[in-house]
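Undergrad: Mind having a look at this structure? Questions to follow.
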Amino acid sequence: MVHNPTIVKINQLYLIWIILGLAIPTAIEGILTGSSIGAFQGFMWGGIVRIFLFTTRLGASIPLPTSLVATV
C-alpha cells in the first residue's frame, strides 16, 4: 500500500480532512443561526457525533484479523 500514490496522498492529507470535517459544519451552523451556540451545536452534531457514529459503525462492520482475536 505504501507504493500506491493515491493512498500516500490520502494519508498525507488526513489531518486536513479531519479539520475540514469539523470546521465546515461549525461554520455553516454558526452562519445559519448567527450565534456561537449554533456554531457549537454544528461542531458537536455535524463534527464530533458524525465522526463517532461513522467510526462506530465502520468498526462494527470490519472483522478483526485472526491474529488479533484471542483464542481461548
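The values are calculated or read from the model by the stated rules, or taken from the named source; none is laboratory data. Just so you know, these numbers come straight off a predicted model, no measurement behind them. Backbone-built Cβ (ideal geometry, glycine too); neighbour counts: all protein chains shown.
Undergrad: May I ask you to list the residues in segment 1-36 that are among the β-branched types (Val, Ile, Thr) and not in a helix (DSSP H, G or I)?
TA: From segment 1-36, those among the β-branched types (Val, Ile, Thr) are 2, 6-8, 10, 16, 18-19, 24, 26, 28, 31, 33; that's our starting set.
Within segment 1-36, just Val2 meets the criteria.
Undergrad: Right, next: Here is a list: Ile31, Ile16, Ile51. Which entry is surrounded by 11 or more Cβ atoms within 10 Å (Cβ to Cβ), at pLDDT 90 or above and among the β-branched types (Val, Ile, Thr)?
TA: On the way: Ile16 fails: surrounded by 11 or more Cβ atoms within 10 Å (Cβ to Cβ); Ile51 fails: at pLDDT 90 or above.
Being surrounded by 11 or more Cβ atoms within 10 Å (Cβ to Cβ), at pLDDT 90 or above and among the β-branched types (Val, Ile, Thr) holds for just one of Ile31, Ile16, Ile51, which is Ile31.
Undergrad: Taking interchain pairs and intrachain pairs at least six residues apart, which have beta carbon atoms under 9 angstrom, with the first residue in segment 13-35 and of a type in the set (Phe, Trp, Tyr) and the second assigned to a helix (DSSP H, G or I) and modelled with pLDDT under 95?
TA: Final answer for the pair search is Trp17/Ile10.
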